[in-house]
Amino acid sequence: MTFRWLPVAGLLLAIACALLVRADDKADKAALTRSLWPKERIEAALKAVEKQRAEGLLSEASFRRRQAMLQARLAGTYEPESLAVTDPPLNFIQNGGFEQINKNSGKKRSRWLWWGGWDWGGDYENSWEDRPAYVHSGQYSARIACTGTKGRIGINTPGLPAIPGATEYTFTFWAKGEGDNMLFVNFEEGARGEMREKIGPDWKQYTVRGKPEPGKPTYNVYFYSIGGGTIWLDDAALVPVGGKIDE
């Protein structure tokens, strides 16, 4: 089976929006932004979103918004809202409420900005959910439904930055399920920790702890749907335990 990825423009923002600084320290914030977004990276991102528009992955309006943001970065006038937050603990997950959807993406890919998506066989469909009973907060949740044969489908974070001295990463999310579902959540490629559980019919918050692997600069978190039925996900967050965030 082929491992397939969806290139999403939001993936390019992963490390920049995950490394956070104090909101009251504008000089440090500006310096961090410059170090994370050199000219070469911005130019590569501009080419990437142009390619995504050409492939039909971005609407014209979405393309224009991303292009304007990147051009503002290139000019040094962009003010990144997501880089200004709080003291640790800090949430490294963007679009954790699945409110930013990508209506141009395929049903077996990620339907949400920032998240990646893929499938390893079986009959599944990813989509956004807007029925109030199936949304934990906000307007949308993420729905992963098996429509026939079981296999494996999922969504994943981009590479998240390792924090020096962190003893673990605490990943929380809300989920509810129907039918013969099975959810597998896994830290990979730089951290280790997992859960495998059938999700019940009522909204419940789950916690998965990842232990950093020494010497690894980044790690990822994956949601795998490996059963039947349907799973809804919402309000994901990830915070480091211990360590220090420096430029």
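The values are calculated or read from the model by the stated rules, or taken from the named source; none is laboratory data. Being a predicted model, the structure only gives us computed values, none of them experimental. For neighbour counting, all protein chains shown are included, and Cβ atoms are generated from backbone atoms with ideal geometry for every residue, glycine included.
General remarks:
- All strands (runs of 3 or more DSSP E) inside the range 151-196 with 2 or more residues being buried (at least 20 other Cβ atoms within 10 Å of the Cβ) and modelled with pLDDT of 95 or more: 166-178, 183-188
- Scanning the range 205-219 for residues that are farther than 25 Å from Gly151 by Cβ, outside any loop (DSSP other than H, G, I, E, B) and either out of contact with any Gly (no Cβ under 9 Å at 6 or more places or on another chain) or not assigned by TED's automatic domain parsing to the domain that holds Ala237 (or both) yields Gln205, Thr207.
- Residue identified as among the hydroxyl-bearing types (Ser, Thr, Tyr), within 21 Å of Trp203 (Cα to Cα) and crowded, with 22+ Cβ neighbours inside 10 Å among Ser141, Ser137, Ser110, Ser127: Ser141
- Out of Trp232, Trp203, sole residue that is modelled with pLDDT of 95 or more and farther than 21 Å from Trp118 by Cα: Trp203
- Of all the listed residues (Ile199, Ile144, Ile153, Ile226), the sole one being aliphatic (A, V, I, L, M) and free of Cβ contacts under 8 Å to residues at least 40 places away in the same chain is Ile199.
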